[in-house]
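Okay, structure first, notes after.
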Amino acid sequence: GLPATVIPFLLRGINLLGIDSVLRPYDNRVEAWSRIESELPFDKLESMIVNAKLEDLPKLGKEILKGQVQGRVVVDVNA
């Protein structure tokens, strides 16, 4: 799990979404992940991803705080 409190996220109205399948029986997990694989529109997910470098973070942070960034931001710490 995420070793942090969720309170700062709740106060800012941020949704932490994910799948916690660890405690489900193996067959249920296989079924769930198979369903995600078959029903999730992966072609649409690509358009929601923004790649960024560490040097982009000050500008990107301001844009995020202004609500100008949607989707997922992936920071390449090696770029």
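The values are calculated or read from the model by the stated rules, or taken from the named source; none is laboratory data. Just so we're clear, the structure is a prediction, and the values are computed from it rather than from any experiment. Don't worry about glycine lacking a Cβ; one is built from the backbone with ideal geometry, like all the others, and counts go over all protein chains shown.
Here are the numbers for the structure shown:
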{"read-out": "Identity of the residue in the stretch 15-47, closer than 21 Å to Gln70 by Cβ and in a helix (DSSP H, G or I), that ends up nearest to the chain's Cα centre (by Cα)", "value": "Leu45"}
{"read-out": "Search result, residues across the stretch 13-52 that are more than 25 Å from Asp76 (Cα to Cα) and among the basic types (Lys, Arg)", "value": "Arg24, Arg29, Arg35"}
{"read-out": "Selection within the stretch 62-77 - over 22 Å from Asn15 (Cα atoms) and either at pLDDT 90 or above or part of a strand (DSSP E or B) (or both)", "value": "Asp76"}
{"read-out": "So Leu54, is it out of contact with any strand residue (DSSP E or B) (no Cβ under 6 Å at 6 or more places or on another chain) and aliphatic (A, V, I, L, M)", "value": "yes"}
{"read-out": "Positions within the stretch 62-79 being over 16 Å from the mean Cα position of the chain (by Cα) and surrounded by 10 or more Cβ atoms within 10 Å (Cβ to Cβ), in sequence order", "value": "Lys62, Glu63, Leu65, Ala79"}
{"read-out": "Candidate set: the stretch 18-61, residues that are surrounded by fewer than 10 Cβ atoms within 10 Å (Cβ to Cβ) and modelled with pLDDT of 90 or more; chosen: the one nearest to Val6 (Cα to Cα)", "value": "Pro58"}
